[in-house]
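Here is the structure we will look at.
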Amino acid sequence: MGSGRRVIITPLRGLQVGDPRCLNRFLYGILTHMIDDRRQEEGYQAESRPDHFPYEVVNPSYKVWYRQDNLIRNALMASNDPPLAPSIAAVTTSKQAWDQLHTTFANKSQMRIYSLRGLLGKFSRDSKMISKYLREIRSLANELASVASPISNEELIVKILSGLGPEFHEINAAIRARDTPISYEELFDKLLDYELFLKHEEIKKHPTPIMAQVAQRTGSNNSNNHSNQ
């Protein structure tokens, strides 16, 4: 429509609307759009004559456009959660509805990115098993990717190595000294193997009571055999 045109609004006979203050924002918005739909279906526009007196002309193109745009706006409203519906019902075009959704979700996404990045920056293994530590840190990386803020494989590897702790110092240094980058899957396997190695070393240093008894009996038997000989 040209800049000098305006839509003529004619009252609908037989339709009475109560005081808008008696309705909530959502219902009032829907009711208002229903009234506008009925008015727009008449398909009239006002154009200015040189004498500035408006006259009514039918505009079929506008009528088709309005119906299509209204269907899109209603689809956007129906496809979102109820808390968002009032903000969409308050606008008049699908473009305005889309902009409203974009603003709403963009703000939420940015807050989510800050939150996830903060969690990732503070995340460390502590006393977790390697498998749990790697799954949790990978889950954070996947969530960042879902809000359009992915981290590269190199960033993920550095973050994993940085949070391992002093027990994994040797393998940490070896991986950092590699000439070629390591994948998440390969790092997963290597860290699991190293964790198992550390457990075996710990058992050697601090044997369980059962193992101590077995070792003691073995030593006694060996001593008896030497004595008998």
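Peptides 152-160, 105-113 ranked from most to least packed give 152-160, 105-113, packing being the mean of other C-beta atoms within 10 angstrom over each peptide's residues.
The label point for residue 61 and the one for residue 129, both projected 7 Å from the Cα toward the Cβ, are 6.8 nm apart. With a threshold of 28 Å on the Cα-Cα distance, the over-threshold entries among 128/205; 132/205; 122/204 are 122/204.
Only the coordinates and a few stated rules stand behind these numbers; no lab work does. No experiment lies behind these values; they were computed from the predicted model shown. Glycine gets a Cβ as well: all are built from the backbone with ideal geometry, and neighbour counts include every protein chain shown.
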